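Before any comments, here is the structure.
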């Protein structure tokens with residue numbers, strides 16, 4: 001059974017993920033790299049405090065940061081190493097209580113938990129950009145290296161092609177740190193294809209009869225390999241050049257009988273070993289990755305996340321550091337690239353994200369790739385299942401998730417087909433929108449509004465005004481509270497919309513309660529729904545959907 005958790009990954013890691021249960025963890029936490037680094041370092045830009053939604057890539061010093069800072073310095077539950085405590089204390093002296101320190105504390109709290117849940121043979125990858133990688137490595141060192149683990153590699157991924165910035169060296173790469181929990185860890189050697197120019201240069205020989213390409217390699221080495229390696233063979237004495245044969249004489253005879261030895265025509269020439277191209281797996285993967293491109297706007301994988309990572313990158317990581325049936329964790333799973341690849345490679349997986357939009361998108365992604373039956377093998381945690389939990393979501397005080405109730409209600413009611421309004425500030429009465437095709441194959445729009453507080457008939461009139469202004473044909477009013485008789489009367493007064501091709505009519509304004517959604521499984525029932533979760537698709541020739549305006553985890 002795979003697990004998909006909706007909520008704060010720190011809380012979920014502590015509450016649900018057992019010690020020593022994860023084989024591989026990859027995270028790609030967001031960071032506000034688009035801001036000027038001087039602003040981040042010096043805590044300039046207080047206007048960003050208004051942008052507190054989880055998808056908006058900002059970090060601020062607030063109550064959560066203060067609480068985390070005290071937790072580390074007080075060594076809550078004894079889980080922080082002395083190195084981590086000293087590091088965070090020192091960083092506070094350097095950075096002050098800034099947005100940058102808030103970010104580093106947030107990561108430190110979670111990486112400590114990730115270290116706890118990893119198996120002794122487990123490995124950890126952290127994907128970031130150079131904006132704060134130097135600080136992040138110090139934090140990772142203080143957690144892993146101080147407890148018997150190892151820093152294994154700094155992987156550089158060439159994320160984009162050449163850019164044009166005349167004021168500095170152009171930044172075109174991301175950084176991926178690779179750590180192990182102990183000195184014994186899972187590693188499966190991976191290879192990349194040879195460069196065509198390399199093949200042309202070195203594998204320039206072609207064997208007669210078979211047509212196999214091969215290169216010539218040394219059969220000698222400077223040091224003694226075995227008892228017979230210094231003896232002459234086939235009239236050639238390696239000692240003349242101060243060398244020894246790489247193999248025993250018996251092995252050389254065997255290689256010759258197999259046609260693996262090349263003898264120069266020149267008398268006295270040293271035989272060479274024939275290394276065939278079709279027997280070579282390729283180049284062992286290197287720490288600089290240039291053969292995996294970022295996703296273009298036309299990529300089939302593209303889901304509308306600006307920082308979505310290509311599946312090929314996660315495939316290389318998962319194949320390298322795990323085996324089939326191992327458990328893969330992504331604590332910032334975003335649009336679900338890690339879990340999608342883990343599913344395809346027959347791994348078990350755990351995904352965590354703080355936004356329901358991500359949960360919705362991941363479910364849609366898995367369903368599209370593997371069929372609806374696959375969803376039966378995913379256990380959803382943290383999703384409202386009754387009125388009590390829906391109320392709890394609606395009344396969260398955490399500003400990072402203040403719009404999560406709206407997103408959950410809209411995406412659940414629309415079977416994950418609606419687009420959430422991501423505009424900052426006033427939403428002008430549009431919390432979500434979805435589209436369908438009418439009998440003339442024209443795109444028609446439905447407006448969705450969500451209210452969790454007290455409601456009245458004035459809200460219904462406002463919704464109809466929004467429907468008219470937006471040139472939509474229907475409006476859906478989703479409410480946590482039960483509607484009044486006046487509200488129902490007001491909604492009925494706006495009549496019906498008839499879909500002539502289907503021969504069905506729908507209220508122009510419809511009221512749906514959260515109770516209907518949870519207890520009666522009520523869903524939007526409109527034919528020919530467009531799959532608008534994929535923002536690269538166009539709803540009409542004149543309307544381009546852009547669902548996600550913020551950064552991904554992975």
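Within the range 130-147, the set of residues being in a loop (DSSP other than H, G, I, E, B) and surrounded by fewer than 15 Cβ atoms within 10 Å (Cβ to Cβ) comprises just one member, 130.
Could you tell me which of the residues 181, 189 is surrounded by fewer than 17 Cβ atoms within 10 Å (Cβ to Cβ), touching a helix residue (DSSP H, G or I) at 6+ places or on another chain (Cβ under 9 Å) and touching a residue at least 12 places away in the same chain (Cβ under 8 Å)? Write out each step before concluding.
Values: 181 fails: surrounded by fewer than 17 Cβ atoms within 10 Å (Cβ to Cβ).
189 is the lone residue from the list that is surrounded by fewer than 17 Cβ atoms within 10 Å (Cβ to Cβ), touching a helix residue (DSSP H, G or I) at 6+ places or on another chain (Cβ under 9 Å) and touching a residue at least 12 places away in the same chain (Cβ under 8 Å).
Filtering the range 269-286 to residues that are in contact (Cβ under 8 Å) with a residue 12 or more places away in the chain and part of a helix (DSSP H, G or I) leaves 277, 278.
Of these, 127, 115, which one is in a helix (DSSP H, G or I), modelled with pLDDT of 95 or more and either in contact with a strand residue (DSSP E or B) (Cβ under 9 Å, 6 or more places away or on another chain) or not assigned by TED's automatic domain parsing to the domain that holds residue 308 (or both)? The unique qualifying residue is 115.
Out of all the residues in the range 367-396, which are in contact (Cβ under 8 Å) with a residue 60 or more places away in the chain and either within 18 Å of residue 9 (Cα to Cα) or outside any helix (DSSP H, G or I) (or both)? Reasoning before the result, please.
We begin by selecting, within the range 367-396, every residue in contact (Cβ under 8 Å) with a residue 60 or more places away in the chain; these are 377-387, 390-391, 394.
Listed by number, the residues that qualify are 378, 379, 380, 381, 382, 383, 384, 385, 386.
Against the definition (out of contact with any strand residue (DSSP E or B) (no Cβ under 8 Å at 6 or more places or on another chain), modelled with pLDDT of 95 or more and either part of a loop (DSSP other than H, G, I, E, B) or assigned by TED's automatic domain parsing to the domain that holds residue 335 (or both)), how does residue 188 come out, yes or no? Considered against the rule, which asks whether it is out of contact with any strand residue (DSSP E or B) (no Cβ under 8 Å at 6 or more places or on another chain), modelled with pLDDT of 95 or more and either part of a loop (DSSP other than H, G, I, E, B) or assigned by TED's automatic domain parsing to the domain that holds residue 335 (or both), residue 188 comes out as yes. For the structure I just gave you, tell me whether residue 105 is in contact with a helix residue (DSSP H, G or I) (Cβ under 9 Å, 6 or more places away or on another chain) and either crowded, with 18+ Cβ neighbours inside 10 Å or in the same structural domain as residue 181 (by TED's automatic domain parsing) (or both). Against the criterion (in contact with a helix residue (DSSP H, G or I) (Cβ under 9 Å, 6 or more places away or on another chain) and either crowded, with 18+ Cβ neighbours inside 10 Å or in the same structural domain as residue 181 (by TED's automatic domain parsing) (or both)), residue 105 qualifies. Do any helices (runs of 4 or more DSSP H) lying entirely in the range 446-533 carry at least 3 residues that are crowded, with 18+ Cβ neighbours inside 10 Å and either without any contact (Cβ under 8 Å) to a residue 24 or more places away in the chain or out of contact with any helix residue (DSSP H, G or I) (no Cβ under 7 Å at 6 or more places or on another chain) (or both), and which ones are they? Counting at least 3 such residues, we get 457-469. Between 53, 39, the distinction of being part of a loop (DSSP other than H, G, I, E, B), modelled with pLDDT under 95 and either within 19 Å of the chain's Cα centre (by Cα) or surrounded by 14 or more Cβ atoms within 10 Å (Cβ to Cβ) (or both) belongs to 53 only. Out of all the residues in the range 299-314, which are outside any helix (DSSP H, G or I) and free of Cβ contacts under 8 Å to residues at least 40 places away in the same chain? Hits for the range 299-314 are 299, 300, 301, 310. Checked against the criteria, residue 150 does not count as more than 17 Å from residue 313 (Cβ to Cβ) and modelled with pLDDT under 95.
In the range 246-265, is there at least one residue being assigned to a strand (DSSP E or B), within 30 Å of residue 25 (Cα to Cα) and in contact (Cβ under 8 Å) with a residue 12 or more places away in the chain? Steps first, answer last, please.
Taking the range 246-265 and keeping what is assigned to a strand (DSSP E or B), we get 261-262.
Still in the running and within 30 Å of residue 25 (Cα to Cα): none.
No, because not a single residue in the range 246-265 is assigned to a strand (DSSP E or B), within 30 Å of residue 25 (Cα to Cα) and in contact (Cβ under 8 Å) with a residue 12 or more places away in the chain.
Regarding residue 176, is this residue assigned by TED's automatic domain parsing to the domain that holds residue 62, crowded, with 17+ Cβ neighbours inside 10 Å, in a helix (DSSP H, G or I) and in contact (Cβ under 8 Å) with a residue 24 or more places away in the chain? Quick ask: steps written out before the conclusion?
On the way: assigned by TED's automatic domain parsing to the domain that holds residue 62: yes; crowded, with 17+ Cβ neighbours inside 10 Å: yes; in a helix (DSSP H, G or I): no; in contact (Cβ under 8 Å) with a residue 24 or more places away in the chain: yes.
Considered against the rule, which asks whether it is assigned by TED's automatic domain parsing to the domain that holds residue 62, crowded, with 17+ Cβ neighbours inside 10 Å, in a helix (DSSP H, G or I) and in contact (Cβ under 8 Å) with a residue 24 or more places away in the chain, residue 176 comes out as no.
Among the residues making up the range 257-278, those that are surrounded by 11 or more Cβ atoms within 10 Å (Cβ to Cβ) and within 51 Å of the chain's Cα centre (by Cα) are 259, 260, 261, 262, 272, 273, 274, 275, 276, 277. Across the range 148-159, the qualifying residues are those that are touching a residue at least 40 places away in the same chain (Cβ under 8 Å) and surrounded by 14 or more Cβ atoms within 10 Å (Cβ to Cβ), and the one among them that is nearest to residue 287 (Cα to Cα) is 155.
Determine whether residue 443 is crowded, with 22+ Cβ neighbours inside 10 Å and in contact (Cβ under 8 Å) with a residue 60 or more places away in the chain. When the stated conditions are applied, residue 443 does not pass them.
The values are calculated or read from the model by the stated rules, or taken from the named source; none is laboratory data. As the structure is a prediction and not an experimental result, all values here were calculated from the model. No Cβ is skipped: glycine too gets one built from the backbone with ideal geometry, and neighbour counts run over all protein chains shown.
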